[in-house]
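Structure first, commentary second.
The numbers here are math on the coordinates, done by the rules we state, and not lab data. As the structure is a computational prediction, the values presented were derived from the model and not from experiment. Don't worry about glycine lacking a Cβ; one is built from the backbone with ideal geometry, like all the others, and counts go over all protein chains shown.
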């Protein structure tokens, strides 16, 4: 589920009711219109009261979310010549979640379904646009498989009472659709299929679900309360990254009669590793990456769910390359700036 162009399905009315079809299309387009601003809420009478952050959704009720991912990636490679690449991509997912079961330990099981997707992308000035329900021809269809395979193929997720995603499963239909659309049905063995399934879950589904389900503190909190969550160690080029996310309750407000907790988040990342590496005769000198990450959570205490969640990350990478060539020493450099903004909104 990487950088290409996405997809999703709108119901088409074949017989009659032209005005209803138009209304349906207008409504769908409105659902694609994301809002990057903060929620404007009213103050509560006692903003310093304590509360618990807990997921408490109604069983067998569908909740509709709009998940938007905005990405900008600028790369520059300098050697004998200069090569610059700019990629911008906006993807809007419309997803339903439905609570199906709650275990004795309060672990929740949800059915999830992506019912539509819209993508706008620009790669070095070449524009790509895709919307579910607009079926591409057979040549283009493979280009959008990452999104097409998701549409109306429900999967499940188990979430702890504190919002931690424990397991994403029942994604077999997504995997089967992906393989068939790629024309690989007769060439993928069971081991390769399992690897693909795990990659789709880890790289495609789980990052989107993390915009709806976040791990919450177990203790009672109030305005100005803080807590931290240490993320698993990750790898970036030659560096190891250890990130700690810090959370702080900034306000308790009221939205349409519901209590709303506003929480700020920011991340501190410790980066370690050797700056100089030689591989196959090429010596790389890395500058330590620069990273920034921040976010804001609007948690609906009355409904027990994520009302809105915004994150923004920025990563800057730079390194030089040096090697001996037929004409002597050759040098070059590569820089990259990656910015990502993610927004989830309860519709």
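Of the set (1) within 18 Å of residue 52 (Cα to Cα); (2) part of a strand (DSSP E or B), all apply to residue 316 but (1). What is the residue count in region 286-297 for residues that are surrounded by 14 or more Cβ atoms within 10 Å (Cβ to Cβ) and either free of Cβ contacts under 8 Å to residues at least 12 places away in the same chain or farther than 11 Å from residue 239 by Cα (or both)? Of the residues in region 286-297, 6 are surrounded by 14 or more Cβ atoms within 10 Å (Cβ to Cβ) and either free of Cβ contacts under 8 Å to residues at least 12 places away in the same chain or farther than 11 Å from residue 239 by Cα (or both). Remark: pairs (first residue in region 270-285, at positive phi and in contact (Cβ under 8 Å) with a residue 12 or more places away in the chain; second residue surrounded by 10 or more Cβ atoms within 10 Å (Cβ to Cβ) and in a loop (DSSP other than H, G, I, E, B); Cβ separation under 7 Å; 6+ apart in sequence or on different chains) = 273/238. Within region 268-284, the set of residues being part of a strand (DSSP E or B) and surrounded by 14 or more Cβ atoms within 10 Å (Cβ to Cβ) comprises 269, 271, 277, 283, 284. Screening region 145-220 for helices (runs of 4 or more DSSP H) wholly inside it with 2 or more residues that are touching a strand residue (DSSP E or B) at 6+ places or on another chain (Cβ under 7 Å) and under 27 Å from residue 304 (Cα atoms) returns the ranges 206-209. Between 200, 174, 221, 165, the distinction of being within 18 Å of the chain's Cα centre (by Cα), buried (at least 17 other Cβ atoms within 10 Å of the Cβ) and in contact (Cβ under 8 Å) with a residue 60 or more places away in the chain belongs to 200 only.
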